[in-house]
Amino acid sequence: MAESETEVQQELSLKSRPPGARYAILGCGSVGREVAKKLKQRDRKLFIVDKDESRVRELRSDGYEAYVADIREVETVGGLRIEDLEAVLILSSDPATNEEAVRNISKQSEGTSLTVVVRAVDPVSEGRLDEVGASMVIRPSSVISDAAVRLLDRAESAKSVRKLDELISGAERFGIILHNNPDPDTMAGGLALKRIAENHGVEADLLYSGRITHQENRAMVNLLDIELHRLPDEDRDGFLETYDTTAFVEHSIPGENNPLSEGFHPTIVLDHHEVELDTVDADFVEIRTDAGSVSTILTKYIQDLDLSIDDKLAAALLYGIRVDTNQFKRNTHTSDLTAAAFLNPWANRELLDRLETPPMSPETLDVLGKAIRKRALVGSYLISNVGMTQEKDALSQAADYLLQLEGISTVLVYAITEDTIQVSARNKDFRLNIGDVLKEAFSDIGSAGGHSSMAGAQIPIEVFGDVMETQALLRLVEESMTSKFLAAVGVERS
Ligand SMILES: [Mn+2]
């Protein structure tokens, strides 16, 4: 039985006075349809008005509350006055009609908070729509250009991840090389790369050099039961020849933060630290300084490859992001937050809690104590010489901790461990890039680098010659570290 317009209206309007946000779409061609579909998914109360009867019938049969009317003269929708709505979207393909409709709607909603969104069909009418009262104008040029760039990004990352996936799927033996003294980010990145390999039935080994002393890192290895293989001290390159495919995770240059010889050629390099790209030699290179961690980069790969992720790997990656961004307070990018949002529902909560509150070792506490006691302040700079220690990883914790001191914006903590001076620096002064400062201060005697807010350096003790007497050596080191650092930040020593 064909229903007359008014009967349908009365029936529908009587049936329910919908709760929550009420929207109206005026002019419902293909664009209106798409918007209606999206708003329906959000469970919004939607009214649709269009002058085409057959279109309205079709919309009703799809379950929409639709009415036939001239959108330039609408005064009520489904028994509601315009001002009772939260928003009106004017989406017809005719510029003059849309302009008329905006004029009509804004006249009726004067003094209310109604949102009027209108589609500009051509650049000419764009400006006029603002004048006649639109709250927001949809500009085709910016919408299309945004979409074009977004699709290009997606295509590029799809191409890149496909290349990485192909390289890994062709591997016989895959050696994933973490940076020295692995931290949560490099380990989580390694685990994710291993997951990608597993998907092709490729065996992968996590390889590293140095030590795992920081309680965070130790806790992660134990709690996640990570199988790590220490690189041999002798003939590492020979050992690595047994792997036909290798990857650097969170480092990029042979010999920098890894023990490999200059000529070593990894297959894959993944990192988020700034580096001269033309100095990186590998078949596949992804260095993203617009990511605060390598875990962020690997999370995107897992998503793009549509791989399932278990709660342990999700917890590891989320932890890697949180540690490197210091709980999203340092060097955090949109990509980090997007990755964290993806991982959060999957991550094993209990595991994450235990990872984030690892028991502190007495040795670490001693280093913290020494760093606090030995601090020297120069303006807002804090420099602390911890002396001799094996707890290299405790230095970064001491630096993080001391950065909280009132009036302090930049912290430098260092110690002699075995035959190297280890430096850890933190900074919250936006005018300063502590990575560049350390490079300027120490790269003539060692390796140094990092970001604007956190950085490190390693200086071989032999640069101080063969001073045998420890106290004399410590004084010499302190003298030189302090003057080099202060000179690099441009502070005259009184
Ligand atoms: Mn990192």
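The values are calculated or read from the model by the stated rules, or taken from the named source; none is laboratory data. Here the structure is a predicted model, which means the values were calculated and not measured. Glycine also receives a Cβ, built like all others from the backbone with ideal geometry; neighbour counts cover every protein chain displayed. When the accessible area is computed, the model is the full protein with side chains, heavy atoms only, and any ligands, DNA or RNA have been set aside. Shrake-Rupley method; radii C 1.70, N 1.55, O 1.52, S 1.80 Å.
Neighbours of L403 by Cβ distance under 15 Å: Lys/Arg scored +1, Asp/Glu scored -1, total +2. Overall shape of segment 2-159 was characterised from the C-alpha gyration tensor. The equivalent ellipsoid obtained from it has semi-axes of 28, 20, 15 Å, in decreasing order.
For segment 170-356, pairs of C-alpha atoms spaced more than 30 angstrom apart make up 12 percent of the total. Using a probe of 1.4 Å, the accessible surface attributed to K439 totals some 90 Å² when neighbouring protein chains are kept in position. Counting Lys +1, Arg +1, Asp -1, Glu -1, what net charge surrounds R426 among other residues with beta carbon under 14 Å of its beta carbon? Result for the local shell: +1.
The shape of segment 235-279 comes out prolate: with a ≥ b ≥ c from the C-alpha gyration tensor, a/c is at least 1.5 and a/b beats b/c.
Distance between the 7 Å Cα→Cβ label points at T242 and E198: 2.3 nm. Helical runs assigned H by DSSP (4 residues or longer) give the chain a calculated mean residue ellipticity at 222 nm of -13000 deg cm²/dmol, each run adding -39500 (n - 2.57) before division by the residue total.
Residues L91, L476 ordered from highest to lowest accessible area at a 1.4 Å probe: L476, L91.
Each peptide in 135-143, 96-104 was scored by the mean count of other Cβ atoms within 10 Å over its residues; highest first, the order is 96-104, 135-143.
What is the gain in length, in nm to one decimal, between V68 and K51 on full extension, counting 0.36 nm per residue of separation less the C-alpha to C-alpha distance? Value of the extension gain: 5.6 nm. In segment 363-422, inverting the average of 1/r over every pair of distinct C-alpha atoms gives 11.2 Å as the Kirkwood radius.
Stretched out straight at 0.36 nm per residue, the stretch from D429 to R139 would grow longer than its current Cα-Cα span by 100.4 nm. Using the average count of surrounding beta-carbon atoms within 10 Å as a protection proxy, the listed peptides 188-196, 148-156, 455-463 rank, highest first, as 188-196, 455-463, 148-156.
Which shape class, rounded, prolate or oblate, goes with segment 190-271 when its Cα gyration tensor gives a ≥ b ≥ c as root eigenvalues, a/c under 1.5 marks rounded, and past that a/b bigger than b/c marks prolate? Since a/c reaches 1.5 but b/c is at least a/b, the shape of segment 190-271 is classed as oblate. Computed over segment 368-494, the P(r) curve from all C-alpha pair distances, binned at 5 Å from the origin, holds 2, 12, 24, 26, 22, 11, 3, 1, 0 percent per bin.
Determine the shape class of the chain: with a ≥ b ≥ c the square roots of the Cα gyration tensor eigenvalues, call it rounded for a/c under 1.5, and otherwise prolate if a/b is greater than b/c, oblate otherwise. Since a/c reaches 1.5 and a/b is larger than b/c, the shape of the chain is classed as prolate.
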